[in-house]
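See below for the structure under consideration.
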Amino acid sequence: MLEKIINSQARLKILSVFFLDVSKDFYEREIINATKLDPANIHKELLNLLNAEILKDRKKEGKKFFSLNRDNKFFPGLEKIFTVYNEDNNNSWILLEEMPDYYPMMAGVAWSANLANRYFQERGLKNRVSNLLLTFNNNLGGLYIIKKEYNQLAQELLTKIINNVKWGQNYINDLIKDRDNLVEASLKLREKNLGNLSNLEIFKVFDKYYNDTYIKLHLHHWPQTLLDFIDHSFSQFLMNYLKDKITDQYSLGEVFSILTTPTTEGNINQEYKSLLLLLNEINQQEKLKKYFKTTESRLIVENLKEVDRDFFNKLRQHVKNFGYLGYAVKGPGWDDLYFIDILSSLIRQGADAKKLFNKLQVEKNNLIQKQKTFIKLFKIDKKHQEIFTFAQNLVLTKGLRKDSMFLSYSVIENLFREIGRRFYLSLNQVRYFYCQEFKELLLKNKFSADQLNERYKFSVYYSNKDVSQDKFWEGEKAKKFFNTLSIIKEEIKNTKILVGDCACSGRARGEVRVINLVKDIGKMKQGDILVSTATNPDLMPAIKKASAIVTDIGGITCHAAIVSRELNIPCVVGTKFATRLLKDGYVIDVDATHGKVNIIKKKRLILSRKKINIIKKR
C-alpha cells in the first residue's frame, strides 16, 4: 500500500532506512548494503529525493553523506508514517532495557528465545519470538527484541487479560507458588556446605536449583515485561478507561495511581516495620538510646555485641531476614552498618516508632478508603474492578518476584565463589558463564578465562527459537554481528517538558541528581530529585533522601514505581530521555500527578534547601 503512495519500491526501502535513525548520516554504500538494491537504482533514487528536498547531502572526509531534511514541511508526517511502517514490515530490533550489573548467569535464561516460546505455549499464547538478543558491554547488559514480535505478543496478552481476567489470576497464583519454591530452595542452599562436595555433586546441586527452580520463576517476567514496557499497553488501557470518567476534582494520574497500588504489603514495608520494632526497643532502653545517639556507626558495629548481646542478636536476625533486599543482582547486600546508620539517624531525629507505625496504618487505611471512593464515584463496573485488582497484583508480584531473585543471587554467590576457588576464577568471571556451560566446566574442566574476560568487555547472545542455533560471540566478531542489525533509535527532542507515567502522585521541586550506580549515591542530599535510567535496590540510600523520582524506563511494575508507592514519594516513570536531558544541578518541577517534569533552570540554583518547595500528595 505505502509503495503506491511513495510510487517506488526502491524509494520506500531507502526512506525506511533513513527513518530507522532520523539523526544519522549515511553514505551511499551503507544504503546499498542495508537495502541490498542495485547501486545504479540507489543512486538514481537518492538524486530524486535530493531534488524533492526530502534528503540533503554534505561532504565529509571525501565522502558524500545523505541525511533527512528535517526542515521539509512533510518531515513530521513522513516520520509518523515510517515509524509505523518500520514496526510492521521490518525485523527491526528495539532496546527494551539497558542496565548496569547484568551478567549471563543472571540474564541468559530470561532472554532465551527457546525458553520464552515454551513459556508462551504453556500459558496459551499463540505468538512467538523468532530471536532474542542479549548484549554485554563493560558492565552494561542490553535486552533487545524484534519490535514487531513484541507488539504482537503484547497485544495478544492484553486482549487475553481484558477478555479473561481469570487467566491473569492464574498467572499470579503460579508466580507466587514458584516464588515460594525459590525462597525455600535458596534458604536450604544458604545452609549447605559446598566445600566438601565433589565437582559432580556441585553440578547436581546447581542443576537442580537453577534449572528446576530458578528458571521457572525468572520466566514469569514475560507477562510483566510485555504489559509494562515500551508502550505500557496495560497502563494505557486502564487510563483510557478512566479518562472519560474523571471529573475536574481529580487528575487521571492520581486516580490511576491509587487504583493500581496494592493494599498488601511488599517486602520493603515489612522490612521497615521490623526496623521500627528495633527502634522502639532502643527508645525503651535509655542506656542503649544514648549509645546509638552519641556513638559512630562504625564503632557500634564493632562493639554492639559487648554492649547489648540480646539487641545485637535481634539486629543480626534483621540483617539475615532482609539484608538480601539490597543485594540486587551483584551485591553486596545491606549489612549491620547499613541498618545501624538508619537506626542512629532515627534516634538523633527523635523518631517515635509507635507514631511511625500508626502513620503506616493510616496511609494504608486512606488508600483502601480512596479505592472504594473512586470505584463508587466513577462507577467502575465489576469487570474493570477485577482488571484493576489484577493490576495491583501485577505490581505486588513484580516486587515479590524480584526480591526472591535477589535472595537467590545473594545465596548462589557462595556456589559461584566455590567454583571460582576450584578453577582459579574470579567471582565476576564465573558470572560470565552461561548456565549450559557449567557441565563442561565442572565435569570436563573445559573453559577459557580469556573468553570470559572478552564477554565482559563486549559480547552478544543471539538466541534462536531452535536452541541448537543459539550463538555466543565476543569481541570483534560480536561487534561485527551487532552492527549488521537494524535497531530502532528514538530521537531525543530538545524540550523543557518531559512526559511519562504517574507511578505515585504528588509534586516536588528541587535539584537534579542523576543516580545510576552505587558510586553516584554520595552526591545525593536530602530533598534532591533522583533521576535514573531505572532504579534498583542498590540505590535505596539515595531513594530515601529523594523528594521525587524520575526514570527513563519502566511502568507501574518497575522498581521505582513499587518503592515510591511504599515510601510515598512522587514518581514519574517512562520519560525515555530524562538521564540524557537532565544534568546534576538542574532545577526541575516534578508534577507526578500529571506525569510531567518541567525544567525550571538549567544552571545550578544557589538556594538554601529550606527554600525548595516539596509538596507531597496522596
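Spin-label model, residue 180 to residue 75: label points 7 Å out along the Cα-to-beta-carbon direction sit 5.9 nm apart.
Averaged per residue, what accessible surface does region 39-182 expose to a 1.4 Å probe, in Å²?
Working: 6710 Å² over 144 residues.
Per residue, region 39-182 has an accessible area of 47 Å².
Using heavy atoms of the protein chains and a probe of 1.4 Å, the accessible area assigned to residue 159 is about 60 Å². Take the Cα of residue 265, step 7 Å toward its Cβ, do the same at residue 526, and the gap between the two points is 2.5 nm. Two tests apply to each whole DSSP H helix in the chain, Cα reach of 30 Å or more along its axis and mean Kyte-Doolittle hydropathy of at least -1.0, and the ones passing both are 165-190, 353-377, 382-423. Within region 311-453, all pairs of alpha-carbon atoms sorted by distance into 5 Å bins from zero give the percentages 2, 7, 10, 11, 12, 12, 11, 9, 9, 7, 5, 3, 1, 0.
What does DSSP give for the chain in terms of the percent of beta bridges that are antiparallel, rounded to the nearest 5? All intermediate terms of the calculation are to be shown ahead of the outcome.
Values: 49 of 59 bridges.
Taking every DSSP beta bridge within the chain, about 85 percent pair in antiparallel fashion.
How big, on average over all directions, is the shadow cast by the Cα convex hull of the chain, in nm²?
Working: hull surface 128.5 nm².
About 32.1 nm², averaged over all directions.
About its Cα centre, region 554-595 has a charge dipole of approximately 180 debye under the convention of +1 per Lys or Arg Cβ and -1 per Asp or Glu Cβ, with nothing else charged. Using a 4.7 Å Cβ-Cβ cutoff, the cysteines of the chain lacking any partner cysteine are 435, 502, 558. Once neighbouring chains are kept in place and the probe is 1.4 Å, which whole percent of the accessible area of the chain is contributed by carbon and sulfur? Carbon-and-sulfur percentage of accessible area, whole number: 50.
In this rough spin-label picture, where each label sits 7 Å from Cα along the Cβ direction, the residue 594-residue 40 distance is 6.0 nm. Among the trypsin sites (Lys or Arg not before Pro) found in region 29-91, those both in a DSSP coil and sparsely packed, with 10 or fewer other Cβ atoms within 10 Å of their Cβ, are 36, 73. Under 19 Å from a label point set 7 Å out along the Cα-to-Cβ vector of residue 477, the amide N atoms of region 424-456 belong to 432-438, 440-441, 446-456. Grouping the Cα pair distances of region 231-379 into 10 Å bins from zero gives a pair-distance distribution of 9, 30, 24, 18, 14, 5, 0 percent in increasing distance order. Extents of region 319-365, largest first, come to 35, 28, 14 Å (Cα atoms, principal axes, whole angstrom). At a probe radius of 1.4 angstrom, the accessible area of region 261-317 per residue rounds to 57 square angstrom.
A DSSP coil position with no more than 10 other Cβ atoms inside 10 Å describes the following trypsin sites (Lys or Arg not before Pro) in region 465-545: 493.
Using DSSP to call loops (not H, G, I, E or B), can you name the trypsin sites (Lys or Arg not before Pro) in region 81-172 whose Cβ has at most 12 other Cβ atoms within 10 angstrom?
On the way: sites: 118, 123, 126, 128, 147, 148, 160, 166; in loops: 123, 126, 128.
Counting only loop positions with at most 12 other Cβ atoms within 10 Å, the trypsin sites (Lys or Arg not before Pro) in region 81-172 are 126.
Computed with a 1.4 Å probe on the full set of protein chains, the accessible area for residue 234 sits at about 0 Å².
The charge dipole of the chain, taken about its Cα centre with unit charges on the Cβ atoms of Lys, Arg (+1), Asp and Glu (-1) only, comes to about 1400 debye. Rolling a 1.4 angstrom probe over the protein heavy atoms with all chains in place gives region 363-442 an accessible area of 42 Å² per residue.
The values are calculated or read from the model by the stated rules, or taken from the named source; none is laboratory data. Please read all numbers here as calculations on a predicted model, not as lab measurements. In this analysis, Cβ positions are derived from the backbone assuming ideal geometry, glycine residues included, and neighbour counts consider all displayed protein chains. When the accessible area is computed, the model is the full protein with side chains, heavy atoms only, and any ligands, DNA or RNA have been set aside. Shrake-Rupley method; radii C 1.70, N 1.55, O 1.52, S 1.80 Å.
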